[in-house]
Amino acid sequence: MDKSTSQNGSKGGGFSFKKLAPLIIIVLLFASFFLFGLDKYLTFRALSENRDGLLNFVGENYLAAILLYMALYIVAVACSFPGGLLMTVTGGFLFGWIVGGAATVIAATIGATILFLVAATSLGEPLRKKAGPWLKKLESGFAENALSYLLFLRLVPAFPFWLVNIAPAFLGVKLRTYIIGTLIGIIPGTFVFAFLGVGLDSIIVEQKSKYDACMASGQTGCTLDFQISSLITTEIILSFVALGVVSLLPIVLKKLRKGKAT
């Protein structure tokens, strides 16, 4: 392949190491997260065992603790690490639901935007240029009501957070629309989960008490665990679904107006 062909291939939006480098870094970080066993730190057990140390650190270094929490949350979202719900609840537990919720919204938006940009530049642009007309049709339909669709995807807890972060990158969603949709869309859920975190301390104390009693009795199979997802009730889920439906109303009204016009 000559130099001109190589340059044309680059201009044609093909895959290149320079474009793929950020994605490769994220993949390596994701693999390292499990390879080095860091996932054990994003568990209820780890939170319970380090409860006193975390509370002391926050009490003595409040601002630094918030910034560190946000930095960790940004990395977790950008690299699609598991444990987002636990981290959000922990933010409410450590900083209160207002400060914890606000810090989480900002951090999650930044992390999601980083992943969106990486996906868009590494894979989105080349794939859109290589894809057939079906993707173009899907892209145009999504772009016409991108904000409403994004709000729906963010509000309804039926779609994995990492998937909603990268899917718009393949559909040509504008960065500004993505940021606005993400920021607004995650506010309700984030503050609800942060609020649930306010009562997490009593759960930790109760679970540790049960664990200690089990160990003292000489029983085997004692575990210090609690499913954070059990805090999410059917009423909370239905509320999110209702908000998601409301976010689609502009699309419905637009279609009704077009129908009347014809």
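The values are calculated or read from the model by the stated rules, or taken from the named source; none is laboratory data. Predicted model, so just to flag it, every value in this text is computed and none were measured. Using ideal geometry, Cβ is built from the backbone for each residue, glycine included, and neighbour counts are taken over all protein chains shown.
Scan (1) within 28 Å of residue 86 (Cα to Cα); (2) at pLDDT below 95 for the single condition residue 172 breaks and write down its number.
(1)
Please specify each residue of segment 206-232 satisfying the condition of being surrounded by 12 or more Cβ atoms within 10 Å (Cβ to Cβ) and in a helix (DSSP H, G or I).
207, 208, 210, 211, 212, 214, 215, 228, 231
Scan segment 190-205 residue by residue and report those that are buried (at least 16 other Cβ atoms within 10 Å of the Cβ), without any contact (Cβ under 8 Å) to a residue 60 or more places away in the chain and within 19 Å of residue 55 (Cβ to Cβ).
203
If we scan segment 162-175, do we find a residue that is surrounded by fewer than 15 Cβ atoms within 10 Å (Cβ to Cβ) and in contact (Cβ under 8 Å) with a residue 24 or more places away in the chain?
Among the residues of segment 162-175, at least one is surrounded by fewer than 15 Cβ atoms within 10 Å (Cβ to Cβ) and in contact (Cβ under 8 Å) with a residue 24 or more places away in the chain, which makes the answer yes.
Step by step: first the residues of segment 27-74, then only those that are over 22 Å from the mean Cα position of the chain (by Cα) and among the hydroxyl-bearing types (Ser, Thr, Tyr), then the one that is modelled with the highest pLDDT. Which residue is that?
The extreme case among them is 62.
If you take the residues of segment 90-105 that are of a type outside the set (A, V, I, L, M, F, W, C) and closer than 17 Å to residue 76 by Cβ, which of them is nearest to the chain's Cα centre (by Cα)?
Among residues in segment 90-105 that are of a type outside the set (A, V, I, L, M, F, W, C) and closer than 17 Å to residue 76 by Cβ, the one nearest to the chain's Cα centre (by Cα) is 104.
Suppose we filter 117, 127 for residues that are more than 21 Å from residue 244 (Cα to Cα) and either touching a Gly at 6+ places or on another chain (Cβ under 7 Å) or modelled with pLDDT of 90 or more (or both); which single one remains?
117
What do you reckon, is residue 85 closer than 30 Å to residue 222 by Cα, touching a Pro at 6+ places or on another chain (Cβ under 8 Å) and either among the small types (Gly, Ala, Ser) or in contact (Cβ under 8 Å) with a residue 12 or more places away in the chain (or both)?
no
Hey, any hits in segment 131-140 for a residue that's at pLDDT 90 or above and assigned to a helix (DSSP H, G or I)?
no
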